[in-house]
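Each remark here refers to the structure printed beneath this line.
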Amino acid sequence: MPLYKKESLEDLRGRVDLVEVISSHIKLQRAGAYYKALCPFHEEKSPSFIVQPGNPHYHCYGCGAHGDAISFLMNHLHFSFVEAVETLAERFGVILLTSKEEISSGKRVLKEVLDKAARFYHYYLLHTEEGHYGLRYLYNRGIDLDFIRTFQFGYAPKTPALFQKWMKEQKVVEEDLLDTGLVKIDSQGRKRDFFTDRVLIPLHDVTSAVIGFTARKICEETFGPKYINTPETPLFKKSRVLFALSYSRKRIAKEKRAIVVEGQIDALRLIHCGFNFVVASQGTAFTQEHANELIQLGVRQVYLAFDSDEAGGEAAVKVGDLFQKKGIEALVVLLPDKGDPDSILRDQGPKVWQNLLDSAIDYLTFLVQKFSKNLSLSNPSQKNELIQMISDKVRMWDQPLMVHESLKKLARLTQVPEQMLVQNTSIPPIFTQTSSRLSKVDIDPDRILEADFLRLLFLFAKSQPNLLSIAKTNLTVEHFYLSSTKRLYQQYLDHPEMDLLSFTIDLENPEDQILLSEILAKKVNPEKVVESFVYTVQKILDRQWMAKREEIKRKMLQQDSSEENLSNLAKQFDQIKNERPKVVCPLQKTENNKTSLEITQDFNSPI
């Protein structure tokens, strides 16, 4: 995370209008001097979520959720801290300065340039004779005017330098055109438009700002492949961008499910027809990085809607494995021959598509059906080959319980005894390679552990008030080894009401600023936060408990220890060994004045 200067963050804090931010995402109703709404963080029938003009914090009297604009974006839309800060800075016109005196408004300028380009291409498509050539192509594909305007389709002209001339009239400098990838320098040193004679679709980031374009040629004579994207720029990283996520992010985060398709028009058609929980890769193979983007949004279930041909089947095998290995349920939507989401929705309508979603099959069943097409299950050798192929894939997944249960299901699907597949399953050992050929990497387990604790506390204590109670009940500053961690924890204990932006502004020590930037740069899956926090607290308690045991063992090994001292030390060791600390979870009062704290796992099992 960049180390933003205090002046920038203070400027941001003073300009943010919480009512404006929240009203962009949920419906607020005026109620006297404040606004109320149905809380986005829990199910309720009457509004208890309150926002007051001039107050930088919201509060829910139903579930206790409390926070500022940054915590709202982080909890509601699953933004990272940096994404939330930069989103608010762009929205309220704040230039963020880093500690290195570098102006981080550079990205904002590039986004403004790309927004102007999107408006130029869109206008050229709709209002020029040359653009109407692209318009006819879209109409022939069943893409109407409403669809075109909704997603701001555009057309890049053939006419050389026409685009550059218009952008120059808009006071856009050549350097920015090069930095956005809109203009390239050819082998002869001439500046040429990157997109020519193609239909364009704008690409957006999490803030819905344009960060690039994807383009399709509509004439075989046009140079280059059928599809091209904006080249890699400071804004656009093809391997990380999920197409259409800007339209679908909110619903995906709310419903914990997503549809993954191959085609970009497929994704946009689904969104246009109300299935706005869909994404597609950006013209590349769907990678683990893409999957992680959805996993970090909290998805529990993904529908894979790929073409019914061999390539689509292979893609479903690969992408399904990326999610299953992380414990996310993958369902495969079986499309008719030569059918895709776009044509199905155009020709048969949303109800037929919904029926296809409802009848999607689980990933293991799909694997058995796909791989058994060319094998005979009545043939022992071929049946063994099939089971070995699938079970080997399953055993590579990260979640032991997922592996165990999936092997049991595979046994049922292939009609073999469960013991044959399950009896040898175990959690794979973790090997540490110490080869001298590897470059040295300094990993501080204490820093990682303490950072994990603070990350959960800082990000979720406002929405999960019992986290602070658990922390204060079990840990003091002396439980931490790092001086920066000690200071950050003490400052939080002293000012638990402080929001993250104010907390960051108040930090004076550069080491503390660096550690906080590391803590907030990493996204956290909001599922089972309390359980994860209890687990981390238990590890910190265990660390201190084990350190005490090791200290006594060290004293016992000293040569000058008398028999009496050894006897006393042995008694101390046995006493401490049998007194492993356990996390105390104080019960919190709910809106019904009842006390509860649901912990579904035992984190106090013996070591």
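The values are calculated or read from the model by the stated rules, or taken from the named source; none is laboratory data. All of these numbers come straight from a predicted model, not from anything done at the bench. Cβ atoms come from the backbone with ideal geometry, glycine included; neighbour counts cover every protein chain shown.
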Just a yes or no: is a residue in region 197-219 without any contact (Cβ under 8 Å) to a residue 60 or more places away in the chain, under 24 Å from Thr128 (Cβ atoms) and out of contact with any strand residue (DSSP E or B) (no Cβ under 7 Å at 6 or more places or on another chain)? yes
Scanning region 220-242 residue by residue, those in contact with a strand residue (DSSP E or B) (Cβ under 7 Å, 6 or more places away or on another chain) and under 26 Å from Val21 (Cβ atoms) turn out to be Leu235, Phe236, Val241, Leu242
Among residues of region 500-512 being touching a residue at least 60 places away in the same chain (Cβ under 8 Å) and buried (at least 19 other Cβ atoms within 10 Å of the Cβ), the residue farthest from Asp68 (Cα to Cα) is Thr504
Does region 31-53 contain any residue that is polar (S, T, N, Q), exposed (fewer than 13 other Cβ atoms within 10 Å of the Cβ) and touching a Phe, Trp or Tyr at 6+ places or on another chain (Cβ under 7 Å)? no
In region 137-166, anything basic (Lys, Arg) and at pLDDT below 95 is listed as Arg141, Lys158, Lys165
Across (1) touching a residue at least 40 places away in the same chain (Cβ under 8 Å); (2) surrounded by 20 or more Cβ atoms within 10 Å (Cβ to Cβ); (3) over 28 Å from Arg240 (Cα atoms); (4) not basic (Lys, Arg), Leu367 clears everything bar (3)
Residues of region 1-50 being more than 16 Å from Leu88 (Cα to Cα) and among the charged types (D, E, K, R), in sequence order, are Lys27, Arg30, Lys36, Glu43, Glu44, Lys45
For region 514-530, check the following and say yes or no: at least one residue is surrounded by fewer than 16 Cβ atoms within 10 Å (Cβ to Cβ), assigned by TED's automatic domain parsing to the domain that holds Leu449 and over 30 Å from Ala253 (Cβ atoms).
no
- Task: Answer with yes or no whether Glu7 is surrounded by fewer than 17 Cβ atoms within 10 Å (Cβ to Cβ) and at pLDDT below 90.
- Result: yes
